[in-house]
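Beneath this line is the structure, given in structure tokens, with notes to follow.
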Amino acid sequence: MEWTAQIDAYCERLGPGVWAEPANALTNLAFLLVAMWLFPAARGIERLLCVVLFLIGVGSGLFHTLATRWAALADTLPIAIFILIYVFAANRRYLGWPWWGAALGTLAFIPYLALGGRLFAALPGFAISAMYWPVPLAIAGYALWLRTRLPQVARGLALGAGILALSLTFRSLDMPVCGAVPLGTHFVWHLLNAVMLGWMITVLRRDRVERAHAGR
């Protein structure tokens with residue numbers, strides 16, 4: 001594989017060049033700002049998630065400026081790491097599993113993503129974001145699981161799943177609406193995703209604070 005090969009996969013990019021996708025590039029600042037805003041109040045694994053959120057913005061910024069294969073990896077790898085860290089944190093804190101059970105549950109999430117991605121890829125209109133669609137489905141599943149035990153967390157997760165689904169819709173529409181919207185819609189994915197990931201960290205932090213106040 002030629003790691004420096006150029007990738008042209010977005011409506012906004014009409015040619016080579018660092019600033020061929022200004023909206024897609026600049027909206028990655030949202031990830032950086034949200035991560036820096038949440039970091040001071042975060043603790044433990046929440047802070048780790050803030051760091052990874054910052055790296056998501058850096059990696060995506062590299063991809064939408066340099067548009068190379070190695071930059072594409074820098075874009076997607078931090079997202080995958082964030083998902084797996086959050087699954088571990090959810091298993092530990094929300095479900096109360098021991099660390100080894102939470103770790104096994106996190107490992108099991110990998111084949112779930114792979115299989116779910118294949119299933120969504122077979123559905124009309126879902127193929128372009130197939131690898132991500134299993135995530136809001138899983139978040140909704142956690143929300144359903146926790147609706148009685150941790151209703152506040154469940155509501156927070158349900159909202160996160162809804163924001164992510166909306167975000168993925170804009171990601172998927174980028175090329176189909178390109179003729180009518182020359183700027184594309186991928187930049188909206190960045191903005192909504194920054195909000196969603198920040199919200200997911202906030203749900204984790206609020207649960208920690210609530211447990212501390214309750215003496216749990």
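Quick look at the numbers
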| read-out | value |
| --- | --- |
| Residue count for the stretch 52-85, restricted to those that are aromatic (Phe, Trp, Tyr), touching a helix residue (DSSP H, G or I) at 6+ places or on another chain (Cβ under 6 Å) and in contact (Cβ under 8 Å) with a residue 60 or more places away in the chain | 1 |
| Test set (1) closer than 16 Å to Trp189 by Cα; (2) in contact (Cβ under 8 Å) with a residue 60 or more places away in the chain; (3) part of a helix (DSSP H, G or I); (4) out of contact with any helix residue (DSSP H, G or I) (no Cβ under 6 Å at 6 or more places or on another chain) - Asn24 fails condition number | (4) |
| Count of the stretch 1-19 residues which are at pLDDT below 85, among the small types (Gly, Ala, Ser) and surrounded by 11 or more Cβ atoms within 10 Å (Cβ to Cβ) | 0 |
| Yes/no for Trp199 being assigned to a helix (DSSP H, G or I) and touching a Lys or Arg at 6+ places or on another chain (Cβ under 9 Å) | no |
| Meets criteria (within 30 Å of Val177 (Cα to Cα), part of a helix (DSSP H, G or I) and polar (S, T, N, Q)) for Thr4 | no |
| Qualifying residue in the stretch 93-112 (condition: open to solvent by 20 Å² or more (accessible area, probe 1.4 Å), more than 25 Å from Ala158 (Cβ to Cβ) and either in contact (Cβ under 8 Å) with a residue 24 or more places away in the chain or outside any helix (DSSP H, G or I) (or both)) | yes |
| Scan of the stretch 35-54 for residues that are within 18 Å of the chain's Cα centre (by Cα) and open to solvent by 30 Å² or more (accessible area, probe 1.4 Å), ordered by number | Met36, Trp37, Phe39, Ile45, Arg47, Leu48, Val51, Phe54 |
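The values are calculated or read from the model by the stated rules, or taken from the named source; none is laboratory data. Model, not experiment: these values are computed from the prediction. So basically every Cβ, Gly included, is an ideal-geometry build from the backbone, and we count neighbours across all protein chains shown. Just so you know, the surface numbers come from the protein's heavy atoms only, side chains and all, with ligands and any DNA or RNA stripped out. Shrake-Rupley method; radii C 1.70, N 1.55, O 1.52, S 1.80 Å.
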